[in-house]
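The values are calculated or read from the model by the stated rules, or taken from the named source; none is laboratory data. None of the values given here were measured: they were computed from a predicted structure. Positions of Cβ are backbone-derived with ideal geometry, glycine not excepted, and every protein chain shown enters the neighbour counts.
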Amino acid sequence: MKKLKWIFCLLVMAVFLAGCVAKNEELQAVPEQPEETARAEEPEQAEAGPTRELLSKEALLYMHAEGRSNGFEFGGVEEDGAFYYEFTRPEEPDFYLRISDDFETALVSFRGNTMRLNDRSAPNGSLLEWNISAGYGGAVSGYGMPFWADMTGDGQPDLLYLQGGGGTGMHTDWCVAYDLTTMTEIPIVEPWQEMAEFISIETLGEEDGYVQCLITDNEGNTYTAYTASGYDEEDIWREFRYTPVKSGWTALDINTEEGTLLALMSFGMDDPHFGAFHYMGELTTELAYDAEQEAIVRSGPITVTVYPAEK
């Protein structure tokens, strides 16, 4: 009889302990997140920024190779429901340059001051976009990147944006500069016309499909150059002309250490039968800030370089 009682007691204790274990497991189990709580956390994820491909992977790798990023970090940000491409600088946490999603508007903020950069227009009157690129491309390529340099010599940084592109023998650059201390644009007086008028070219004769030319600069220096004619007719070389205007190939380079611009323009002869420019050399000069004019102007001599004849 006592044995049956002990068996009964053991069975009761077993049932009681099993219930305690089940209860304990129920208390330790993590409850499912209510739907309302999950919705409340969604705005935090949205604040992390838009997830989109800013540039192709190849273009981003190109941008950040060999210092092409010019010390800027590139990303994207959303503000008041609008998306902007954004350039920042690690050593200047209170700076940003933002370009709108349609590339038509550029905003810069520095040390508490914010302004919109001036719109740029092409010669035909159309609005120039603030294109973003480090030069990645094929036969036809583009470039659009900010630079950080002290152009005015006041020890404070200035912001420049260099943009250009072209292909198949044509290229053009344009650059803007902004004084971040006064938040004003620094005018850049382009030297192209002055460079084009610095030389004159006279045709001397034709030999083996090449026209021999005599180049004379405004200082009296002379150079001999050759340009391909590609014609069998006699005396057609006499129709080749040099037109002293901005050529189809102009480029600007920024020396951030010196705070200067280098301007390069190719020159050559007009071929009336081919309808193209035959480049035979280049003109280069330097631009720097002039305090009296409050502008970036030509500050160095114009140099003539003749391409070697490929005869």
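Data table
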{"item": "Gly125 vs. criteria out of contact with any Ser or Thr (no Cβ under 6 Å at 6 or more places or on another chain) and either buried (at least 17 other Cβ atoms within 10 Å of the Cβ) or at positive phi (or both)", "result": "yes"}
{"item": "Close pairs (6 angstrom Cβ cut-off, 6 or more residues apart or separate chains): crowded, with 18+ Cβ neighbours inside 10 Å in the stretch 179-196, aromatic (Phe, Trp, Tyr) anywhere", "result": "Leu180/Phe110"}
{"item": "Residues located in the stretch 57-86, provided they are in contact (Cβ under 8 Å) with a residue 40 or more places away in the chain and over 14 Å from the mean Cα position of the chain (by Cα)", "result": "Glu58"}
{"item": "Wholly enclosed strands (runs of 3 or more DSSP E) of the stretch 197-311 bearing at least 1 residues within 30 Å of Asp154 (Cβ to Cβ)", "result": "250-255, 260-271, 276-290, 295-298, 303-306"}
{"item": "Any hit, the stretch 111-122, residues being surrounded by 14 or more Cβ atoms within 10 Å (Cβ to Cβ), modelled with pLDDT under 85 and not assigned by TED's automatic domain parsing to the domain that holds Trp249", "result": "yes"}
{"item": "Pairs with Cβ under 6 Å, 6+ apart, first in the stretch 284-311 and touching a residue at least 60 places away in the same chain (Cβ under 8 Å) and of a type in the set (S, T, N, Q), second assigned to a strand (DSSP E or B) and crowded, with 17+ Cβ neighbours inside 10 Å", "result": "Thr285/Ala263; Thr285/Arg298"}
{"item": "Identity of the residue in the stretch 217-249, closer than 24 Å to Val297 by Cα and of a type in the set (Val, Ile, Thr), that ends up surrounded by the most Cβ atoms within 10 Å (Cβ to Cβ)", "result": "Thr243"}
{"item": "Selected residue (criterion: farthest from Leu261 (Cα to Cα)) from residues of the stretch 155-179 that are charged (D, E, K, R) and at pLDDT 95 or above", "result": "Asp179"}
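Let's see how each residue does on (1) exposed (fewer than 15 other Cβ atoms within 10 Å of the Cβ); (2) outside any loop (DSSP other than H, G, I, E, B):
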site	(1), (2)
Ala59	no, yes
Val77	yes, yes
Asp94	yes, yes
Trp130	no, no
